[in-house]
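One structure coming up, written as structure tokens, with questions to follow.
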Amino acid sequence: MMSLPFDSGEEYIEQQFSGLTVTQEEVTAVTFEECTFTNCNFSETQFIRCTFRDCQFKNCDLTLIDVDYSRLQRNQFEECKLIGVNWAKAGQIQWIKFHGCNLSYNTFMELDLNKAVLTHCLAKEATFAETNLTDANCTDTDFVDGRFIHTNLTRADFRGAKNYAIAAAENTLKQTKFSLPEAIALLDGLDIILENPTS
């Protein structure tokens, strides 16, 4: 078994971590505050009852990590691989930013993601059921086969986003921003006939 670079119960403040490989391990009750992780591989690692506060992750592999009972407060992920993460298992998520990340097969079910940022990401088959995305910035993200069910999208910004399937009758759309031609997808599921005007 490899030696972990983090000690259980310890606090790490304003630390810079670069090139770490901690895979298929268990990290328990560790607090990270204002830390930066660059080019790290944490795939399939369990972060149990950990706290990440004001941290930045850059070009990291976080595929299939567990965040069981962990607290994530004001963290930013840039160009990271986060495939298959179930964020609903976290104890708390307070504002989160993803830019240029692979969020495929992620679950954000029943989370309060007010003012969250998901820009220029791939969110293939991501689940946003019962999620609060009020004032969220989702611009230029690919939501191919994503699931929006009873999602609050009040004032959310989907301009430049694509491949989303958002049923107007099943979600809250108030002052939600969309751009053409992708916004035509909002008509799917409605009992209407849409024709091109004849010349």
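Here, each number is a calculation from the coordinates, and none is a lab measurement. This is a predicted model, so every value here is computed, not measured. Don't worry about glycine lacking a Cβ; one is built from the backbone with ideal geometry, like all the others, and counts go over all protein chains shown.
Which length gain, in nm to one decimal place, applies between residue 159 and residue 16 when the Cα-Cα distance is subtracted from 0.36 nm times their residue separation?
Full extension from residue 159 to residue 16 adds 48.0 nm.
From the phi of every residue in the stretch 112-129, what ³J(HN,Hα) in whole Hz does the Karplus formula 6.51 cos²θ - 1.76 cosθ + 1.60 yield, where θ is phi - 60° and glycine or proline is x?
8, 10, 4, 6, 5, 10, 9, 10, 6, 9, 10, 10, 5, 6, 6, 10, 10, 6
Oh, and also: Within 15 Å, Cβ to Cβ, of residue 44, how many net charges do the neighbouring residues add up to if Lys/Arg are +1 and Asp/Glu are -1?
-3
Sticking with this structure for a sec: Around residue 141, which amide H atoms from residues at least 5 apart in sequence, or from another chain, sit under 5 Å from its own amide H, with H modelled in the peptide plane?
For residue 141, whose amide H was placed from the backbone, the distant partners under 5 Å are 120, 121, 161, 162.
Along the charge dipole of the chain, Cβ charges K/R +1 and D/E -1, which of 5, 168, 113 sits furthest on the positive end?
Toward the positive end, the furthest listed residue is 168.
Here is a further query. Please work out how much length the chain gains when fully extended from residue 114 to residue 145, using 0.36 nm per residue of separation minus the C-alpha to C-alpha distance, in nm with one decimal.
Between residue 114 and residue 145, full extension yields an extra 8.9 nm.
Using only alpha carbon pairs under 8 Å that are at least six residues apart, calculate the relative contact order of the chain and give it in whole percent.
It comes to 10 percent, rounded to a whole number.
For residue 174 paired with residue 79, estimate the spin-label separation in nm (one decimal), with each label point 7 Å from Cα along the Cα-to-Cβ line.
Output for this residue pair reads 3.9 nm.
What residues have an amide H closer than 5 Å to that of residue 127, excluding those fewer than 5 places away on the same chain, when H is modeled at 1.01 Å from N in the peptide plane?
Here 106, 107, 108, 147 satisfy the definition.
For residue 182 and residue 38 in one chain, what is 0.36 nm times their gap in residues minus the Cα-Cα distance, to one decimal in nm?
48.4 nm
Could you name the lysines in cross-link range of residue 177, using Cα to Cα under 20 Å and dropping any fewer than eight places away on the same chain?
Counting by Cα, and skipping residues close in sequence, residue 177 has these lysines nearby: 97, 115, 162.
Further, regarding this structure: Got a sec to turn the phi values of the stretch 39-52 into Karplus ³J(HN,Hα) couplings, 6.51 cos²θ - 1.76 cosθ + 1.60 with θ = phi - 60°, whole Hz, x for Gly and Pro?
Rounded to whole hertz, the list is 6, 9, 10, 10, 4, 6, 8, 9, 9, 9, 6, 8, 10, 10.
Amide H neighbours of residue 21 under 5 Å, at least 5 residues apart or on other chains, H built in the peptide plane: list them.
Amide H neighbours of residue 21, under 5 Å, 5+ apart: 41.
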